[in-house]
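Just so it is clear, none of the values below were taken in a lab; they were calculated from the coordinates. What you see is a predicted model, and the numbers here were worked out from it, not measured in a lab. Neighbour counts are summed over all protein chains in view; Cβ atoms, including those assigned to glycine, are modelled from backbone coordinates with ideal geometry.
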Amino acid sequence: MSQRMNGLAGWVSKNINIDKSTKSISIGKYYAVDGFSAKPIRVVTHIHSDHLMGLKDSLRFSSFIVGTPLTLDLIEEIALQDSETRDLFKAKKKPLNYGEKLEFYDSSLTLLENDHTFGACQILVEVDGVRVGYTGDIKLGGKTRIMKDLDVLIIESTYGSPRYRRPFKQSVQEVLIDTVRYGLRRYGIVHIYGYHGKLQEVMLYLRSNGIEEPFLMPENVFRATRILEKHNVLIGNFHREREKDGFEQYVLFKHFNQAKYRRIDGSVLNIILTGWEFENPGRKIDEHTWVIALSDHADFDDLITYVEKSDPQIVVIDASRNGEPFELAEELARRGFITFVLPSKGG
C-alpha cells in the first residue's frame, strides 16, 4: 500500500465509525447518519424505520436534522407520535435539495439522488480534504447518481452475497401489473402488502399502466401518500380504507407486516412485495396469494457495478444492518479494491 493510501486508511480508522447497536454511521467530528451518535448534525437518508433509529436522541443532542424536503415531511407526518417531539423536530429540521451544499465549519455536506425510495438520498461529506460518499440503501435506476472521485465510499450490503442475484429485474413490473389485472378480473379486490415507499411506487406503476380503480389504504399509508402528492408524486383516486363500502372494485394497500393476517377465503387476491425472491419474478404461495419480487435494494451485481463505476480509493461496507458485508468485501478485494467492513466481526 502506498504512503498516500496508508495515510487515507489511517484517516478512515480515526474518522469513520459504524455502531452496531445504534446503526449510526459517523463521519468526522460533525456528522451522524441514519442512527444516533453525539454529533451536531444528524442526517436521515430516507423514511424506513431502520434508518430512523435514535431520532429522539438526535433531537435532544444535535443542532440540525438534515434530509430531503420529502423525507423530512414524511418523518413529521408519520414517524413522530407526540406533539412535543414534533415541535422539536420542526425547530431542528434542515431540508436540503439534491445538489445543495451545507457548509459546516471546515466541512460540507451534499445530498445526492437515490432511487431507493421516494425522497431517499445519498450523502457526500467533504472534510480534511477527504471526499466521503455514503450510499444509504441504494437501488440502481434512472434517478440514482453514482458518486465519483471519492476517497472513501461507504456502501450497504443487504444483498451482498452472490446468492442474491435477480436476472429477471426488468420483467418484475410487467408481472406485477398482469397479476393485479388478473386479480381485479377474477376477484374484483386486490390487497397489496409492502413497505412505505414501495407501496406508492406500485401505485404509480399501476396508474401509468392504465389501472384506474380506486386505491384504498389504512390511515398511515394514506397520510404518507398525501404527503407524496404535495411533492408532485401524483397518484389520484386514493381513499382511506374505512371508505371501502362505497366501492365494488378496488386495490387495497397495506403494510408488509399485515400480510400474515391476510384473507385467504377467496374473496380477494393477495400480493406480497418482497426483495427476498431470486428464482422468479412472481411465485404463488397459496390459492389466493402471490409473492412478487419487487425490491428497492440493489442486488449483488448492482452493488458490484456501483463500486466499479464509482472507483473509490477505499470501500467501507456497512455491517451494522442485515446483509452479507463480508462476502461483498471478499468479492471487491478480489477485484482489487481496498475494503474495510465496519463494524468488524469483533467490533
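Cross-link candidates for Lys244: which lysines have Cα within less than 19 Å, leaving aside residues fewer than 8 places away along the same chain? Partners within reach: Lys254.
Per-residue extension of 0.36 nm, minus the Cα-Cα distance of Glu77 and Arg4, leaves a gain of 21.6 nm for this segment. In this structure, Arg223 and Asp311 have a Cβ-Cβ separation that, at R0 = 51 Å, corresponds to a calculated FRET efficiency of about 0.80.
Each Cα pair under 8 Å and six or more residues apart adds its sequence gap; the mean of these over the residue count of region 1-137 is a relative contact order of 15 percent. Over every Cα atom in the chain, the radius of gyration and the widest Cα-Cα span, Dmax, amount to 21.0, 71 Å.
For region 169-292, the relative contact order works out to 35 percent when only alpha carbon pairs closer than 8 Å and six or more residues apart are counted.
Once the Cα-Cα distance is subtracted from the 0.36 nm per residue extended length, the Lys20 to Asp245 segment shows a gain of 76.3 nm. For region 169-292, a simple Cβ point-charge model (Lys and Arg +1, Asp and Glu -1, everything else neutral) yields a dipole of about 240 debye relative to the Cα centre. Using the Cβ-Cβ distance between Ile235 and Trp276 with R0 set to 30 Å, the FRET efficiency works out to roughly 0.70. Counting only Cα atoms, the size of region 169-292 along its three principal axes is 38, 31, 27 Å, in decreasing order. In summary, the lysines within cross-link reach of Lys92, defined as a Cα separation below 17 angstrom excluding same-chain residues under 8 places away, comprise Lys39, Lys56.
Here region 130-196 is treated as a sphere whose radius is the Kirkwood value from Cα pairs; by Stokes-Einstein at 37 °C and 0.692 mPa s it diffuses with a coefficient of 210 µm²/s. Given R₀ = 45 Å, what would the calculated FRET efficiency be for Leu88 paired with Glu287, taking r from the Cβ atoms and rounding to 0.05? That pair, Leu88 with Glu287, gives E of 0.35. Computed on the chain, with alpha-carbon pairs under 8 angstrom and 6+ residues apart, the relative contact order is 17 percent. Restricting the chymotrypsin sites (Phe, Trp or Tyr not before Pro) of region 59-132 to loop positions (DSSP other than H, G, I, E, B) with no more than 10 neighbouring Cβ atoms within 10 Å leaves Tyr105.
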